[in-house]
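Worksheet: the structure to be examined is printed underneath.
The values are calculated or read from the model by the stated rules, or taken from the named source; none is laboratory data. Note that this is a predicted model, so its numbers are computed, not measured. For neighbour counting, all protein chains shown are included, and Cβ atoms are generated from backbone atoms with ideal geometry for every residue, glycine included.
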Amino acid sequence: MNILSLIFDQSCLLCGTSDSFSEKYGLCRRCAFPLLFHKEEGERCRVCGQPLISEDGICMRCRSEDYNFNTNHYFWNYEGTAKTVIGLYKFKAQRRVGRFLALVVYRYLRRRGLENVLLVPAPCSPARLKRTGYNHMEAVCRALKRVYGIPFAAVLRRLKGRQLKKLGKKERKEELVDKLYIRPRDAYNFKVLCQGKHVILLDDVFTTGTTASSCARILKENGCESIDILTFAID
Ligand SMILES: [Zn+2]
Ligand SMILES: [Zn+2]
């Protein structure tokens, strides 16, 4: 490793500034804090978490859905800095950003007073796994376990298939039904592990809710009673 790459590695991936925060999290304080301390205002749909306009309790979209999860909470809209930061982590494999995302999740869990949590990272497609060499949501969970002691169960897997973002809602559903699975040994462990736990699926972006719902279904089939979703952004 040369000196230049050392310097580069410590600076903010967005603006190039170096501070103790960027060294650890890939983003300097000035870039990270608006995301970290992002405030939610107004009433939210109790299913997908989006702001309600004139609806009561549940948004129009969620009224016609039959999701297998209870609620989704997300931190940001999938645009601007949030989209860039997620992209840096997901597509550019900037792993320092994973620590930042773990910090975001940890703050949320603490703020909400959520205890007895068992996180389940959303599965990664085999193609992405091959390209980046790691499951990005599992890596966030690993950081949460290592730094904050929050347990996780990386049991969901995906068989090789079509890229979900190129598919419509109905096609996504069909694609996921065949492709999501839990290995028998993991299924046994999960059944034991999830007892009495607040199970939360962690994913990067909530789009149609189809992925989250399919994941929730298979987790429920494997012994978990109810499941909430936590996503970094909504698209
Ligand atoms: Zn910065
Ligand atoms: Zn909704």
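List of remarks:
- Lone qualifier among K145, K170 - being basic (K, R) and either modelled with pLDDT under 95 or more than 19 Å from the chain's Cα centre (by Cα) (or both): K170
- Residues in segment 12-21 that are over 12 Å from Q94 (Cα atoms) and either more than 6 Å from ligand 1 (Cβ to nearest atom) or part of a helix (DSSP H, G or I) (or both): G16, S18, D19, S20, F21.
- Residues being within 21 Å of S214 (Cα to Cα), touching a residue at least 40 places away in the same chain (Cβ under 8 Å) and in a helix (DSSP H, G or I) - total across segment 63-87: 0
- Qualifying residue in segment 125-138 (condition: touching a Phe, Trp or Tyr at 6+ places or on another chain (Cβ under 8 Å), without any contact (Cβ under 8 Å) to a residue 60 or more places away in the chain and basic (K, R)): no
- Condition check for N68: touching a strand residue (DSSP E or B) at 6+ places or on another chain (Cβ under 8 Å), more than 16 Å from ligand 2 (Cβ to nearest atom) and of a type outside the set (K, R): no
- For D19, the criteria (1) away from ligand 2 (no atom under 16 Å from the Cβ); (2) assigned by TED's automatic domain parsing to the domain that holds K220 hold in every case but one, which is (2).
- Condition broken by P151, with the remaining ones in (1) crowded, with 17+ Cβ neighbours inside 10 Å; (2) in contact with a strand residue (DSSP E or B) (Cβ under 6 Å, 6 or more places away or on another chain) satisfied: (1)
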